[in-house]
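Novice: Mind having a look at this structure? Questions to follow.
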Amino acid sequence: MVLNVVKFGHPVLRAKGARIETITPAVKKLIADMLETMYASRGVGLAAQQIGEALQLTVIDVREATDRPSTLEIGGETRDPHSIMPLVLINPEVKKVGEVVPGPEGCLSFPEIYADIKRPESVDVVALDGEGRRIEFRCGGLLARAVQHEVDHLNGLLFIDRMDAKTKAELKPELDALQEETRVELKKKVPVH
């Protein structure tokens with residue numbers, strides 16, 4: 001089922017996700033719905049916060065992004081990043097290992113807003129997959145950027161928090177408008193007694 005993607009200004013985007021201790025049927029359904037939502041939105045990643053759930057869960061699939069390559073190493077061996085797509089990360093831990101480089105980013109919770117964000121080129125990742133199995137890998141390029149962007153979401157951080165002051169100032173009118181639009185939407189949904 002395609003879920004609603006919450007937009008900037010929704011408080012859940014600032015919530016740190018709770019750890020998932022058990023892979024229940026509800027968690028598996030949420031993963032399937034998140035993948036469907038990500039594909040329908042033409043995104044490369046989606047965090048649970050973006051569909052209104054403050055959990056340590058994200059889905060990623062970089063196969064459609066042919067213009068921005070990714071790298072993958074598992075157990076020190078180079079692998080095809082497509083071999084692990086779609087990627088489900090539960091309770092992920094990320095260690096930055098590469099040099100910090102700027103790169104373009106967007107976010108489904110910030111429609112039509114893009115900016116260059118500085119992030120490490122490579123990261124080591126330890127997480128559980130959708131079946132609850134431990135996975136470990138090192139990734140670079142777009143996959144590393146997507147992992148870091150989504151893990152930020154799981155900790156209540158947004159890509160605007162990583163923008164330089166000049167970029168954020170330039171985007172202020174769009175950000176303010178989006179935040180106000182979200183505030184109005186949320187007000188409509190509050191039941192009046």
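Computed from the coordinates by the stated procedures, all read-outs in this text should not be read as laboratory data. All figures in this text were calculated on a predicted structure; none of them were measured in a lab. Don't worry about glycine lacking a Cβ; one is built from the backbone with ideal geometry, like all the others, and counts go over all protein chains shown.
Novice: Size of the dipole of the chain about the Cα centre, Lys and Arg at +1 and Asp and Glu at -1 on the beta carbon, nothing else charged, in debye to 20? Please list the in-between numbers first.
Specialist: Numbers: 26 positive and 30 negative charges, 108 e Å.
Result for the chain is approximately 520 debye, rounded to the nearest 20.
Novice: Now, a different point. Name the residue from ASN155, VAL125, GLY141 whose Cα lies farthest towards the positive end of the charge dipole of segment 109-164, charges +1 on Cβ of Lys and Arg and -1 on Cβ of Asp and Glu.
Specialist: Result: VAL125, furthest along the dipole toward the positive end.
Novice: If you average the alpha carbon positions of segment 1-73 and of segment 128-182, how far apart do those two centres end up, in angstrom?
Specialist: 11 Å
Novice: Add -39500 (n - 2.57) for each DSSP H run of 4 or more in the chain, then divide by its residues: what number comes out at 222 nm, to the nearest 500 deg cm²/dmol? Write down the numbers at each step before the final one.
Specialist: On the way: 3 runs with 55 residues, N = 193.
Result for the chain, helices only: -9500 deg cm²/dmol.
Novice: Can you tell me the dipole magnitude for segment 110-193 around its Cα centre, using point charges on the Cβ only (Lys, Arg +1; Asp, Glu -1), in Debye to the nearest 20?
Specialist: So the dipole magnitude of segment 110-193 works out to roughly 200 debye.
Novice: Counting only pairs 8 or more residues apart or on different chains, how many lysine pairs in the chain have their Cα atoms under 21 Å apart?
Specialist: Here the count comes out as 14.
Novice: Next question. Find the relative contact order for the chain and round it to a whole percent, using C-alpha pairs within less than 8 Å whose residues are 6+ positions apart.
Specialist: Working: 367 pairs, mean separation 50.2, N = 193.
Answer for the chain is 26 percent.
Novice: Tell me, CYS139, CYS107 in order of fewest to most beta-carbon neighbours within 10 Å? Write down the numbers at each step before the final one.
Specialist: Values: CYS139 30, CYS107 25.
Least to most surrounded, the residues fall as CYS107, CYS139.
Novice: Give the Debye-formula value of log10 I(q)/I(0) at each listed q (0.11, 0.12, 0.17 Å⁻¹), with one equal scatterer per alpha carbon of the chain, two decimals each.
Specialist: -0.48, -0.58, -1.15
Novice: Say the dipole of the chain comes from +1 at the beta carbon of Lys and Arg and -1 at that of Asp and Glu; which of GLY106, MET34, ILE74 then lies farthest toward its positive end?
Specialist: After comparing all options, I get MET34.
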